[in-house]
Amino acid sequence: MERYLFLCRKPRSELPESVRRYVQLGEGPNAQIRLRKRPGEPEGRPVSESQASQTRLSYRNVFIDWYDLGGVVEAPIYVTYGAQYWIRFVLAKFQSALDHRVLALITRQGVQFDEVELKALLAYLNSTFTQIQAEAMGRITGGGMIELDVKPLSSFLVLDVKKLPREDVEKFAQLFDRLEAEARRLGGADEVENVFGSELAKELTGSSNVKPGVEGLFNTVIREIDYEVARVLGLENLVEPVRAMVLEMARRRLSRAGEAKREAVKGTEESLEPREPKRRRGRRRSEADGEGVIHRRLDEFM
């Protein structure tokens, strides 16, 4: 089924007659384009009377008329509003229209990334260091999904890929390409086995009805990304504790358990207590005036 999106940012007086007639199909008592009928209504109201259309009429400084959707803004990265197992950030390779269930990350004015830098940023955004922020700041639904909106997402700490040596940027970009390829090979990242692997899937969900023999993204490419992130930040000793903490948070979320005690997750002897990272010798990664800082809030870029 083909679907079309009507984008029109001109006043009626400047529209061709055929376009004006199309707009009129959504107006008045004889409208042919109508909203879904609500209980008690003989027929659906004209689409021009929808809440969204009426709201656009209230903001004439932004929208030209009720039919004006506000134009098109290109977004290099998008992320789904909710995820059951792992928050996935995606590179927008093709033109597509996103609905309210997808959050678009649009670069700020004056900020530009080349494709390699975007992929490097995406490698970090799909790492465990980002997932732990989603687990901590996202809203957990009754079904155990994580939901993100703009406010918590904007406060995520991310790598400043502009400050990284080019060879590090290229390494992260290659890891993102591998992550995408492995996710496609597995058939997507929307199944618990594909994300966490068969053994962890059983533990996290408490179910034995999982696909056997799957190693999972978390145990392969995401793990490599985690260690590369830790290397450039000088946080190598925190990789396994952070990964263990994410597993514990995911287990609680997926099982909808109540208040739980801190404990080690099967497969690791690391305590889930955060520890101070070891200081690396040589150039400091951050200074009070911002020089050399290689991590930023996401809303400084997008």
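The values are calculated or read from the model by the stated rules, or taken from the named source; none is laboratory data. What you are looking at is a predicted structure, and each value in this text was computed from that prediction instead of being measured. Neighbour counts run over all protein chains shown; Cβ positions are idealised from the backbone, glycine included.
What the table shows:
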item	result
Members of segment 213-235 found to be out of contact with any helix residue (DSSP H, G or I) (no Cβ under 7 Å at 6 or more places or on another chain) and either surrounded by 17 or more Cβ atoms within 10 Å (Cβ to Cβ) or in contact (Cβ under 8 Å) with a residue 12 or more places away in the chain (or both), listed by number	Glu215, Asn219, Arg223, Leu233, Gly234, Leu235
In segment 123-172, the residues that are in contact with a Pro (Cβ under 9 Å, 6 or more places away or on another chain) and within 22 Å of Ala92 (Cα to Cα)	Ala134
Residue within segment 207-220 that is hydrophobic (A, V, I, L, M, F, W, C) and not in a loop (DSSP other than H, G, I, E, B) present	no
From the options Leu179, Leu159, residue that is at pLDDT 95 or above, crowded, with 21+ Cβ neighbours inside 10 Å and either of a type in the set (A, V, I, L, M) or more than 15 Å from Ser127 (Cα to Cα) (or both)	Leu179
Helices (runs of 4 or more DSSP H) wholly inside segment 23-141 that include at least 3 residues being outside the structural domain of Phe156 (by TED's automatic domain parsing)	51-58
Of residues in segment 124-156 being among the polar types (S, T, N, Q) and under 23 Å from Asn219 (Cβ atoms), the one surrounded by the most Cβ atoms within 10 Å (Cβ to Cβ)	Ser127
Inter-residue pairs, beta-carbon under 8 Å, first closer than 15 Å to Val72 by Cβ and in segment 97-108, second among the β-branched types (Val, Ile, Thr) and at pLDDT below 85, 6+ apart	Ala104/Val73; Ile106/Val73
Per-region count, segment 182-197, residues crowded, with 17+ Cβ neighbours inside 10 Å and small (Gly, Ala, Ser)	3
Residue match in segment 84-106 (condition: more than 29 Å from Gly70 (Cα to Cα) and surrounded by fewer than 21 Cβ atoms within 10 Å (Cβ to Cβ))	yes
Where Asp114 falls short, out of the listed (1) in contact with a strand residue (DSSP E or B) (Cβ under 8 Å, 6 or more places away or on another chain); (2) over 21 Å from Leu5 (Cα atoms)	(1)
Segment 48-63: number of residues that are crowded, with 16+ Cβ neighbours inside 10 Å, closer than 21 Å to Arg36 by Cβ and not acidic (Asp, Glu)	4
Near pairs, Cβ below 8 angstrom, 6+ apart or cross-chain, from segment 186-211 (not assigned by TED's automatic domain parsing to the domain that holds Met145) to any residue that is modelled with pLDDT of 95 or more and acidic (Asp, Glu)	none
Unique match (being surrounded by 11 or more Cβ atoms within 10 Å (Cβ to Cβ), basic (Lys, Arg) and touching a helix residue (DSSP H, G or I) at 6+ places or on another chain (Cβ under 9 Å)) among Arg45, Arg12	Arg12
Residues of segment 120-163 satisfying the condition of being of a type in the set (Lys, Arg) and touching a residue at least 24 places away in the same chain (Cβ under 8 Å)	Lys162, Lys163
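Condition check ((1) touching a Phe, Trp or Tyr at 6+ places or on another chain (Cβ under 6 Å); (2) among the aromatic types (Phe, Trp, Tyr); (3) modelled with pLDDT of 95 or more; (4) surrounded by fewer than 16 Cβ atoms within 10 Å (Cβ to Cβ)) across all residues:
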residue	(1), (2), (3), (4)
Met1	no, no, no, yes
Ser18	no, no, yes, yes
Glu27	no, no, yes, no
Lys37	no, no, no, yes
Glu41	no, no, no, yes
